[in-house]
Amino acid sequence: MSHNIYELFATKFADALTAPFLSVPGGLTYTYGQVDRRSACMATVLAMAGAKPGDRIVVQVDKSADAVALYFACLRGGFVYVPINTAYTPEEVGFFLGDADPAVFVYKPGRASKLQPVADLTGVPTTFTLSSKGTGSLAKAAGEISPVPAVVHRDTDDVACMVYTSGTTGRAKGAMLTHRAIATNARALHAIWRFRPGDVLLHILPIFHIHGLFVALHCAVLNASEVLFCPRFETDEVRELLRQSSVMMGVPTHYSRLLADPDFGPSDCQTIRMFTCGSAPLPNTVFNEFTARTGHTICERYGMTESGIIASNPPEGDRIAGTVGYAVPDIELRVVDDKDEPVPVDDIGNLQVRGPHVFPGYWQQDDKNAESFTADGFFRTGDVGSVAADGRLTLAGRTSDMIISGGYNVYPKEVEILLDELPGVSESAVVGLPHPDLGEAITAFVVAEPHVTDDDLAQALDQSLAAFKQPKHYVFVTALPRNAMGKVQKTQFRVTHADLFTADSI
Ligand code: MLC
Ligand code: AMP
């Protein structure tokens, strides 16, 4: 029996081939049958181009119906889908191509002059763009051939997708996600969030991370639901589309942006049965104000690329601000001390997870994999929290100094390495400071010669670092605070500059 997750999808939407799947606001609506056929065509083109099951296909394209068809094409062809953030610079893309060693790279048509040389340099055998016309267009080639409709046989442990997560050493690691892991989490979420006939999902997330690609899209596909597929988050448009939706999934920034519109209120939310939130901590103030303004309690959940969603507040029953609810089915969650010994109920410790949702390891990272799992197979999440007697999980932070800005993870080390290499800079410390819109904003504290300006630094980083990772503010200091061991005390900056971005000061 094949365990290709695409078989599961196809079974679920078999009776809905003429039903709407992806409705692009102000654009076309694509049915399940159309996207299914399109994916078969694309899978055929990829196979004809030489891609074999197990080969990686790196994809950096805008959010569109064809991008979803390409994702499905990779699943059904048994290729490993490797999505990357559209904000990454050519230099960053070069790293991913070198690391993933893909058979095919698909990129945005407008970026050919920058990305084709990177693909050539890293030895990628085949590239395509995802435009509707022109040479080298996957979409055009797909429109011109007869598809092979077969779905390639896959075992449960075969890798379906590889999703890069930021690395503590400043370099991203490819989390290998198996057909079993993805399918188990999709089924669990579809069940616990009580997806039902008639649900319409408002999809406002990017599709190069698991939140938009798996959590949101898979629940809808398993339900054969219509998806209102927004290329980006615009408050006015989202308010309009909320009135046609029953479920919205977002990051905290989406909710605070809705609240920032004084006209947003209950009349926008009459058809909604559930708002979910995750990827970053949902501030209690946002949770409470949202309830006061709309009557809805946001269902906060907690997850990560390596394991899918780990815990969720209940769809019915108490959704409590500041907590992320209960472990989802099939996830074993434990809280341990630094010796991996379980801590008592309500005590804060390191969170570890085990079960079929959890990934088998990072691509070509044996050392990292050895330290990421315990001897009894639990994955060390890097998050810290406590579990109450009734099983409810409350997060308390992270063991690393990772920053989450608007739902995107940024490792300070990656930014610091680049800053420290710049002429006139002797050292730097990058921290996340509270920000009313983004949750945390990247801030760089820099020790530099007097002639160095923040514009110099910003311009230099722009070449090599995606914009969302670039500091929103530079603070020049004469020295970095260090403890007796010589370790930089970033906490001091977090205290002294805590209100740098708060509403009153910007
Ligand atoms: C955009 N910018 C950001 C940013 N997003 N800067 C810091 N942090 C961010 N998150 C910058 C751009 O680079 C640009 O800079 C300027 O802001 C405007 O860009 P934009 O594209 O217009 O931004 P906007 O559309 O407003 O995007 C904000 C956002 C977006 C919140 C809608 O960041 C977003 O979609 N976040 C969701 C991330 C997500 O899906 N995470 C899930 C990870 S999976 P400039 O300088 O060019 O003007 C995961 C597991 C789990 O965590 O549990 O789900
Ligand atoms: P990623 O590596 O992009 O998958 O991000 C996963 C990380 O996001 C987790 O390890 C958490 O630190 C964080 N995260 C996800 N959901 C939440 C949440 N609800 N509250 C706080 N942090 C969260």
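The values are calculated or read from the model by the stated rules, or taken from the named source; none is laboratory data. Everything numeric here is computed off the predicted structure, so don't read it as measured data. Every residue, glycine as well, gets a Cβ built from its backbone with ideal geometry; the counts of neighbours run over all protein chains shown. When the accessible area is computed, the model is the full protein with side chains, heavy atoms only, and any ligands, DNA or RNA have been set aside. Shrake-Rupley method; radii C 1.70, N 1.55, O 1.52, S 1.80 Å.
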Selection count where residues are within 16 Å of ligand 1 (Cβ to nearest atom) and either in the same structural domain as TYR411 (by TED's automatic domain parsing) or in contact with a His (Cβ under 9 Å, 6 or more places away or on another chain) (or both), scope the range 166-183: 2
Can you tell which of ARG273, ARG293 is more than 12 Å from LEU205 (Cβ to Cβ) and touching a helix residue (DSSP H, G or I) at 6+ places or on another chain (Cβ under 8 Å)? ARG293
I'd like to check which helices (runs of 4 or more DSSP H) are fully inside the range 1-78 and have at least 2 residues that are farther than 28 Å from GLY98 by Cα. 5-13, 32-48
Among all residue pairs at least 6 apart or on different chains, which show Cβ distances below 9 Å where the first residue, located in the range 290-304, is within 6 Å of ligand 2 (Cβ to nearest atom) and the second is open to solvent by 30 Å² or more (accessible area, probe 1.4 Å) and not small (Gly, Ala, Ser)? GLU300/PRO281; GLU300/ARG319; GLU300/ILE320; TYR302/LEU395
For LEU241, indicate whether it is touching a Phe, Trp or Tyr at 6+ places or on another chain (Cβ under 7 Å), in a helix (DSSP H, G or I) and within 16 Å of ligand 1 (Cβ to nearest atom). no
Would you mind stating whether LEU201 is under 24 Å from ASP36 (Cα atoms), within 16 Å of ligand 2 (Cβ to nearest atom) and hydrophobic (A, V, I, L, M, F, W, C)? no
Any residue in the range 425-437 that's in contact (Cβ under 8 Å) with a residue 24 or more places away in the chain and within 15 Å of GLU414 (Cβ to Cβ): show its pairings with residues that are in a strand (DSSP E or B) and not hydrophobic (A, V, I, L, M, F, W, C) at Cβ separation under 6 Å, as long as the two are six or more apart or on different chains. VAL431/THR443; GLY432/GLU440
Condition met for ALA224 (surrounded by fewer than 22 Cβ atoms within 10 Å (Cβ to Cβ), touching a residue at least 12 places away in the same chain (Cβ under 8 Å), away from ligand 2 (no atom under 14 Å from the Cβ) and in a loop (DSSP other than H, G, I, E, B)): yes
For residues in the range 201-221 being within 13 Å of ligand 1 (Cβ to nearest atom) and among the small types (Gly, Ala, Ser), which is surrounded by the most Cβ atoms within 10 Å (Cβ to Cβ)? ALA216
Mind counting the residues in the range 253-286 that are open to solvent by 40 Å² or more (accessible area, probe 1.4 Å) and in a helix (DSSP H, G or I)? 5
Screening VAL447, VAL430, VAL452 for residues that are part of a loop (DSSP other than H, G, I, E, B) and either touching a strand residue (DSSP E or B) at 6+ places or on another chain (Cβ under 9 Å) or more than 30 Å from ALA260 (Cα to Cα) (or both) leaves only VAL452
Inside the range 287-326, can you point out the residues that are open to solvent by less than 20 Å² (accessible area, probe 1.4 Å) and aliphatic (A, V, I, L, M)? ILE298, ILE309, ILE310, ALA311, VAL324
It is to be established whether one or more residues within the range 385-395 are closer than 19 Å to THR443 by Cβ and within 16 Å of ligand 2 (Cβ to nearest atom). no
If you check THR291 against the conditions, is it closer than 25 Å to ASP390 by Cα, of a type in the set (S, T, N, Q) and modelled with pLDDT of 95 or more? yes
Scanning the range 433-444 for residues that are assigned to a strand (DSSP E or B) and more than 16 Å from ligand 2 (Cβ to nearest atom), which turns out farthest from HIS473 (Cα to Cα)? LEU433
